[in-house]
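Participant: Shown below is the structure under consideration.
Quick note: the coordinates plus some simple rules give every number you see, no bench work behind them. What you see is a predicted model, and the numbers here were worked out from it, not measured in a lab. No Cβ is skipped: glycine too gets one built from the backbone with ideal geometry, and neighbour counts run over all protein chains shown.
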Amino acid sequence: MDPQQAALLVEPDRVAAALSEALAAIAAAATPPDLAATRQLHDGDRSPLALANRALGSLPPSERAAAGARIGAARTSIREALLAREGLLHQQWQAATLRAERVDVTEALTRSEQQRPRVGRGGRHPLSTIAERVAEVFTALGYEVAEGPEVEAEWFTFDALNIPADHPARSMQDTFFVTSGESGVVLRTQTSPIQIRALLARPLPVYVIAPGRVYRTDELDATHTPVFHQVEGLAVDRGITMADLKGTLDHLAQAMFGSGLVTRLRPSYFPFTEPSAEVDLQCFACRGACLTDASVACRTCGNEGWIEWGGCGMVNPRVLRGVGIDTDTYSGFAFGMGLERTLMNRHRIVDMRALVEGDIRFTRQFGSAL
Ligand code: DAH
């Protein structure tokens, strides 16, 4: 660079002018991109002060120090101003963003927001709820919840329960065989095989409750479904009697349907209990009033006063001996109820298909209570 030109660039007036121009531009930059452009113009490689700095080498040595100090001070001022402005713009941007993105959680919904369809909460299937309720009643008495497979060995489902090979329950009409009639594997037709599994797996005494899904080759109609649910109860201990069974069933009836209700046992036959009985539930709607008062017409029990509920009995000693239990010391009771029937009675559901079809307009009526 020629020395004359160089002397011009480093002149105090020129440096002061470049500095004040730069400071004014920095103060005027309103946004971060503005400021970036300003930085390029006044502190970049081709800025007046960068050029002046490069001219220093062409000056006579005696002038270099003073000119260098002047230029250096100006450039430092510019960089400080840039930094300060940058901090301020960032703060402003942050405050504006926070303002723009603010959500007032206390604000009432506008009419159109209220009308917008919301995602439904759905409902629990009432069968799940009732199965859990029954299980809770029994766990509160010290019972354990037991389970077994739905695809079950014929031996657990029938043989071990004293249901001989020629028993009607084993015929092809009732039972789904998994591959063929000879496979020995079935879809369980009742929850009673869980009794055998529980007795084989647990030390005595055994107190278990077992809700579960069962299968029978029925067509789906208003009163039948090929897939339904039962709950099985079993108690095997020293000195268990039929009175224990009756007291337990009354307790369940009251826990599920209301205090003061009782059950009634009617003699019956099941291969795995001896003696066996059908359990009826006193009608929870009329409490039997329809039997004594001619003016009462009860839709729940159809003027029977009682509602069929399930089967029960004292565990047949043959069943206990089959799993190695000493029947001189131990005895037990068992019972089994259909959960669909329980639910249909409880809520006056007349068509079983409502329980199967999975229409949320049905389940929603029961809410999402656990
Ligand atoms: N398993 C029987 C059925 O499906 C119901 C039943 C009857 C279960 C008597 C029992 C019982 O535990 O003792 O029809």
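Participant: Per residue of the chain, what 222 nm ellipticity follows from adding -39500 (n - 2.57) for every DSSP H run with n ≥ 4, rounded to the nearest 500?
Facilitator: Calculated at 222 nm, the ellipticity per residue is -13000 deg cm²/dmol.
Participant: What is the sum of charges around Tyr207, taking Lys and Arg as +1, Asp and Glu as -1, for the other residues whose C-beta is under 14 Å from the C-beta of Tyr207?
Facilitator: It works out to a net charge of -2.
Participant: Projected onto the charge dipole of the stretch 3-100 (+1 at Lys/Arg Cβ, -1 at Asp/Glu Cβ, origin at the Cα centre), which of Leu89, Ser47, Gly72 gives the Cα projection farthest towards the positive end?
Facilitator: Leu89
Participant: Continuing with this model, one more query. With the cut-off at 1.5 for a/c, could you classify the stretch 292-370 from its C-alpha gyration tensor as rounded, prolate or oblate?
Facilitator: Judged from the Cα gyration tensor, the stretch 292-370 comes out oblate (a/c at least 1.5, b/c at or above a/b).
Participant: In addition: Please report the spacing between the Cα centers of the stretch 18-34 and the stretch 274-301 in Å, no decimals.
Facilitator: 93 Å
Participant: Next question. Give, as a single signed number, the net charge of other residues whose beta carbon lies under 10 Å from the beta carbon of Arg266, with Lys and Arg counted +1 and Asp and Glu -1.
Facilitator: Combined, the nearby Lys, Arg, Asp and Glu give -2.
Participant: Take every DSSP beta bridge with both residues inside the stretch 126-364 and express the antiparallel ones as a percent of the total, to the nearest 5.
Facilitator: So the antiparallel bridges in the stretch 126-364 amount to around 95 percent.
Participant: Which of the cysteines in the chain are isolated, no other cysteine C-beta under 4.7 Å?
Facilitator: By the Cβ distance rule, which asks for a partner under 4.7 Å, the isolated cysteines are Cys312.
Participant: Taking 2.2 N^0.38 Å as the expected size of a compact globular protein, what ratio does the Cα radius of gyration of the chain give against it, to two decimals?
Facilitator: Here the answer is 2.10, to two decimals.
Participant: Within 10 Å of each residue's Cβ, count the other Cβ atoms and sort Thr300, Thr106, Thr139 from fewest upward.
Facilitator: Fewest-to-most Cβ neighbours within 10 Å comes out as Thr106, Thr139, Thr300.
Participant: Right, something else. Residues with beta-carbon under 15 Å from that of Thr179, excluding Thr179: net charge, scoring Lys, Arg +1 and Asp, Glu -1?
Facilitator: After counting each charged neighbour, the total is -3.
Participant: Among rounded, prolate and oblate, which fits the stretch 220-304 when a ≥ b ≥ c are the square roots of the eigenvalues of its C-alpha gyration tensor, a/c under 1.5 means rounded, and a/b larger than b/c means prolate?
Facilitator: Note, shape of the stretch 220-304 comes out oblate.
Participant: Oh, and also: Rank these for me by crowding, Arg361, Arg213, going from fewest to most other beta carbons within 10 Å.
Facilitator: Arg361, Arg213
Participant: Post the alpha-carbon centroid distance, the stretch 189-257 to the stretch 150-185, in whole angstrom.
Facilitator: 18 Å
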